[in-house]
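Undergrad: Structure below; questions to follow.
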Amino acid sequence: DIVMTQAPLSVSVTPGESASISCRSSKSLLHSNGITYVYWYLQKPGKSPQLLIYRMSNLASGVPDRFSGSGSETDFTLKISRVEAEDVGIYYCGQLLENPFTFGSGTKLEIK
Amino acid sequence: QVQLKESGPGLVQPSQTLSLTCTVSGFSLTSNSVHWVRQPPGKGLEWVGAIWSGGSTDYNSALKSRLSISRDTSKSQVFLKMNSLQTEDTAIYFCTRLSYWGQGVMVTVSS
C-alpha cells in the first residue's frame, strides 16, 4: 500500500497569515498519463470531508483561491494564504492512483 | 445538484453483517464511480472500496474477504455489505464520489 505521511500534526496560525502543510508519498503518484493523483481535503469539525485540490494543483469548484497545491512525484504541499477562521479543521492528503486509495493521518489547523 | 445520502442501522452486533445504502441524486451511476470511506471515532480516513461506472468493483485488500459493493441503477442506489463485523469496524461510513461526500452514517459494533 502507498503510505501518505503528513507534517506537521498540527499548526496554529494567526488570521491573515499563511500556512503550509506537507505530504509525502511512499511511491510516485505520477501516472503515465502525466497526471499526479494527489488530492487534498478539509474536514471541518463534525462535517464530512470537502475536496479542496484535485490532481495535485487543481482548485475544486467553490474553493477560495487562497488555497493552492503543488509538488513533485512524491512530495506535495498545500498552501493556505491569508488564513481565515473558517479554515479550521483537519486537512488530509490522499492518493487516488492505486488500490487501495490511502490518506495521510491529517493535519489539524487551529487559529491563534 | 449532486447529493449522496447514506442509510443503515446505527448498531450492529459483533459477528453480524452490516448493510448500508447510499442513495444518490444529481448524477448517473453509469457515468460516475461511488466509493465508501470510513472513519473510526477520532481517527483518519480509510478507503473501503468502490463501484465504478461500468459496474466493476474494487475493494481494500484488508477488507476484501468480508466486503461486497453493488448497485441498483434504476433506484440510484449503491449498497455496501460487510460481514463478520468486529468492534474495530465501528466508524462513520461515508458514501462519496471523492469530490462530493454524503453526510456519513455512524455504525457502532457492540453487543
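Undergrad: Can you tell me which of A:S48, A:S22 is over 20 Å from B:Q103 (Cβ atoms) and of a type in the set (S, T, N, Q)?
TA: Every option except A:S22 fails the conditions.
Undergrad: Here's another thing I want to ask about it. How do the pairs read when you match residues in region A:1-16 that are closer than 13 Å to A:G94 by Cα with residues anywhere that are part of a loop (DSSP other than H, G, I, E, B), using Cβ under 6 Å and keeping only pairs 6 or more apart or on different chains?
TA: A:D1/A:P100; A:I2/A:S26; A:I2/A:K27; A:V3/A:S26; A:M4/A:G104; A:Q6/A:G104; A:Q6/A:S105
Undergrad: Name the pairs whose Cβ atoms lie under 7 Å apart, with the first residue in region A:88-106 and in contact (Cβ under 8 Å) with a residue 40 or more places away in the chain, the second of a type in the set (S, T, Y) and in a loop (DSSP other than H, G, I, E, B), and 6 or more positions between them or separate chains?
TA: Correct list of pairs: A:Q95/A:Y37; A:L96/A:Y37; A:L97/A:Y37; A:P100/B:S61.
Undergrad: Restricting to region B:61-100, name every residue that is β-branched (V, I, T) and either closer than 26 Å to A:E98 by Cβ or modelled with pLDDT under 95 (or both).
TA: B:I69, B:V78, B:I92, B:T96
Undergrad: Residues to consider are A:S48, A:S28, A:S81; find the one that is more than 11 Å from the chain's Cα centre (by Cα) and either within 14 Å of chain B (Cβ to nearest Cβ) or on the phi > 0 side of the Ramachandran plot (or both).
TA: Working: A:S28 fails: either within 14 Å of chain B (Cβ to nearest Cβ) or on the phi > 0 side of the Ramachandran plot (or both); A:S81 fails: either within 14 Å of chain B (Cβ to nearest Cβ) or on the phi > 0 side of the Ramachandran plot (or both).
Going through A:S48, A:S28, A:S81 in turn, just one is more than 11 Å from the chain's Cα centre (by Cα) and either within 14 Å of chain B (Cβ to nearest Cβ) or on the phi > 0 side of the Ramachandran plot (or both): A:S48.
Undergrad: Counting just the residues of region A:53-78 that are within 14 Å of chain B (Cβ to nearest Cβ) and among the small types (G, A, S), which one comes out farthest from B:K64 (Cα to Cα)?
TA: Narrowing region A:53-78 to residues within 14 Å of chain B (Cβ to nearest Cβ): A:53-55, A:58-63.
Next, from what is left, pick out any that are among the small types (G, A, S): A:60-62.
On the way: A:A60: 31, A:S61: 33, A:G62: 35 Å.
Restricting to residues being within 14 Å of chain B (Cβ to nearest Cβ) and among the small types (G, A, S), the top hit is A:G62.
Undergrad: Test A:K112 against the stated conditions and say whether it is more than 11 Å from chain B (Cβ to nearest Cβ), at pLDDT below 95 and loosely packed, with under 14 Cβ neighbours inside 10 Å.
TA: yes
Undergrad: Of the residues that sit in region A:84-101 and are outside any loop (DSSP other than H, G, I, E, B) and surrounded by fewer than 16 Cβ atoms within 10 Å (Cβ to Cβ), which one is farthest from the other protein chains (Cβ to nearest Cβ)?
TA: Among those residues, the one meeting the criterion is A:A85.
Undergrad: While we're looking at this one, here's another question. Just need a number here: residues in region A:25-52 that are basic (K, R) and either buried (at least 17 other Cβ atoms within 10 Å of the Cβ) or under 22 Å from B:A62 (Cβ atoms) (or both).
TA: Within region A:25-52, residues that are basic (K, R) and either buried (at least 17 other Cβ atoms within 10 Å of the Cβ) or under 22 Å from B:A62 (Cβ atoms) (or both) number 1.
Undergrad: Cβ-Cβ under 9 Å, sequence separation 6+ or interchain: first residue in region B:84-111 and more than 10 Å from chain A (Cβ to nearest Cβ), partner in a loop (DSSP other than H, G, I, E, B) and among the hydrophobic types (A, V, I, L, M, F, W, C). Which pairs?
TA: Final answer for the pair search is B:D89/B:L63; B:V107/B:L85; B:V109/B:L85.
Undergrad: Moving to a separate point now. Among residues belonging to region B:58-83 that are without any contact (Cβ under 8 Å) to a residue 40 or more places away in the chain and basic (K, R), point out the one that is farthest from the other protein chains (Cβ to nearest Cβ).
TA: Taking region B:58-83 and keeping what is without any contact (Cβ under 8 Å) to a residue 40 or more places away in the chain, we get B:58-70, B:72, B:74.
Subset that is basic (K, R): B:64, B:66.
Values: B:K64: 9, B:R66: 14 Å.
Per the criteria, the residue is B:R66.
The values are calculated or read from the model by the stated rules, or taken from the named source; none is laboratory data. These numbers come from a predicted model, not from an experiment. Cβ atoms come from the backbone with ideal geometry, glycine included; neighbour counts cover every protein chain shown.
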